[in-house]
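In what follows, a single structure is set out as structure tokens and then discussed.
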Amino acid sequence: MSTDYAALRTMGWPAARPDQLPADWTAVLQDHPDTAIGRVVEQHRSGYVVATGPDETAAVDSLPDWQKPRCPPEQRACVGDWVLLKVLDLHRPQIVAMLPRRNVIKRAAAGEHFKQQLIAANIDVVFVVVGLDLDFNARRLERYLMLVGAADRIVVLFTKADKQQVAADVFATVQQQLESQGISWHALNAKDSTAVSVMSQYLHEGITAVLVGSSGVGKSTLTNALIGEQRMRTNEVRSHDSRGKHTTTYRHLIPLGNGACLIDTPGMRELKPTGDEELGTTFDDVESLAAQCKFRDCRHVAEPGCAIRAALERGELDPARMENYRKLQGEIRRAQDQQAVRLEQQAQAKVLTKPVNKRQKSKYER
Ligand SMILES: Nc1nc2c(ncn2[C@@H]2O[C@H](COP(=O)(O)OP(=O)(O)OP(=O)(O)O)[C@@H](O)[C@H]2O)c(=O)[nH]1
Ligand SMILES: [Mg+2]
Ligand SMILES: [Zn+2]
């Protein structure tokens, strides 16, 4: 198998010339001659769909190591990853390696055990989509911003501007907060392709963008408007609360024709942090106030000289925003503790298995 770089370039391939690759990518490519580069465009329970060009997609087998139940999800490919393919023994193509990812959008998987769930990899722009309808929730937007905080660029798209049901002052406060964080935002009707063309300024050749947001906010509607065809299925929202019906069920990476790619994702029900998040960007206002508290370890409860309490009393800090900050901070800390426990368990498992391996080895060596 060989790689068609011109075809890859239409799939968001970041290098304009094959010889402009990052050193760690070149190293992996050299380790795997006779392979073709492809991009994961869909991920299903049963496997991956990988594209080697805009019209060249195939269901492929994953690396055998990834199929082991103990393989941590973050080590397996997800939508947006670049993988190396090889055809083995007349079978369908198999993924034999993955190029190191530049970044990944992730959350903690639902459930008690600490596991990460990858949403998309190698992302340049995250569009956080929020509907200006009855489902609007400023706290949920803060939660999304916390989760995608590591992205190179975040843009918030407020859909349903044509039938806005959010109070003007509530919306204005959110706008001000985004602006103070340097986050661009646009309010639009996702069904109007002229309005949706504001997204083009972020979607240049070699750029990969992902749409995230609750079910029913219009992620698939935006995707269809951008590509100019009804590729993704969309569905009415419930009339009494504007909630969506979880219409999109898996992530799709779609080439836009100009060398940029867009990933449509299913609306997420739960947005739990993995422990790797930082609140400094999303809650810049809160953290800079906290830095002015008299005591460095101020808990902003009853300590004297607390800048947070003073700002709350002066009405300069929204108590609901502060409450959400505390809540998210607590969740991130708990996730960090769980992550530490898991690493400890993995380290112990290694120590326990080591002598056994050694003994077995010496038995066979004799
Ligand atoms: N009037 C109006 N309707 C919109 C807008 N954006 C989306 N809709 C409608 O909202 C409904 C839900 O849109 P979808 O695109 O299916 O939402 P989604 O975010 O893809 O939802 P999931 O796939 O469930 O995560 C559809 O009926 C859309 O037509 C908008 O800006 N204005
Ligand atoms: Mg959808
Ligand atoms: Zn304080």
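Brief remarks follow.
- Number of residues in segment 176-213 that are part of a loop (DSSP other than H, G, I, E, B) and either more than 14 Å from ligand 1 (Cβ to nearest atom) or at pLDDT below 95 (or both): the value is 8.
- Across segment 281-295, the qualifying residues are those that are touching a residue at least 24 places away in the same chain (Cβ under 8 Å) and open to solvent by less than 30 Å² (accessible area, probe 1.4 Å), and the one among them that is farthest from ARG326 (Cα to Cα) is THR282.
Listed here are the residues, each with its yes/no results for (1) small (Gly, Ala, Ser); (2) in contact with a Lys or Arg (Cβ under 9 Å, 6 or more places away or on another chain); (3) over 14 Å from ASN122 (Cβ atoms).
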position: TYR5; (1), (2), (3): no, yes, yes
position: TRP25; (1), (2), (3): no, no, no
position: ALA36; (1), (2), (3): yes, yes, yes
position: ARG39; (1), (2), (3): no, no, no
position: LEU63; (1), (2), (3): no, yes, yes
position: LYS68; (1), (2), (3): no, no, yes
position: PRO72; (1), (2), (3): no, yes, yes
position: CYS78; (1), (2), (3): no, yes, no
position: TRP82; (1), (2), (3): no, yes, no
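- Of residues in segment 275-313 being of a type in the set (S, T, N, Q) and within 28 Å of GLN338 (Cβ to Cβ), the one nearest to ligand 1 (Cβ to nearest atom): THR282
- The listed residues are VAL125, VAL79, VAL129, and the only one of them that is open to solvent by less than 10 Å² (accessible area, probe 1.4 Å) and in contact with a His (Cβ under 8 Å, 6 or more places away or on another chain) turns out to be VAL79.
- Hits in segment 299-308 - residues which are within 11 Å of VAL286 (Cα to Cα) and either among the acidic types (Asp, Glu) or out of contact with any Lys or Arg (no Cβ under 9 Å at 6 or more places or on another chain) (or both): ILE308
- Of the residues examined, LEU157 is not one that is within 16 Å of ligand 2 (Cβ to nearest atom), open to solvent by 40 Å² or more (accessible area, probe 1.4 Å), aliphatic (A, V, I, L, M) and farther than 17 Å from THR281 by Cα.
- Residue within segment 78-98 that is free of Cβ contacts under 8 Å to residues at least 24 places away in the same chain, part of a loop (DSSP other than H, G, I, E, B) and within 29 Å of ASP152 (Cα to Cα) present: no
- Considering residues of segment 35-62 that are modelled with pLDDT under 90 and not in a strand (DSSP E or B) only, the residue surrounded by the fewest Cβ atoms within 10 Å (Cβ to Cβ): ARG45
- Flag if LEU188 is of a type in the set (A, V, I, L, M), open to solvent by less than 60 Å² (accessible area, probe 1.4 Å) and under 21 Å from the mean Cα position of the chain (by Cα): no
- Selection status of THR173, open to solvent by 40 Å² or more (accessible area, probe 1.4 Å) and assigned to a helix (DSSP H, G or I): yes
- Residue that is farthest from the chain's Cα centre (by Cα) [pool: residues in segment 237-274 that are more than 16 Å from ligand 1 (Cβ to nearest atom) and open to solvent by less than 20 Å² (accessible area, probe 1.4 Å)]: GLY259
The values are calculated or read from the model by the stated rules, or taken from the named source; none is laboratory data. These numbers come from a predicted model, not from an experiment. Ideal geometry is used to build each Cβ from the backbone, glycine not excepted, and the neighbour counts take in all protein chains shown. These accessible areas exclude ligands, DNA and RNA; they are computed on the full protein's heavy atoms, side chains included. Shrake-Rupley method; radii C 1.70, N 1.55, O 1.52, S 1.80 Å.
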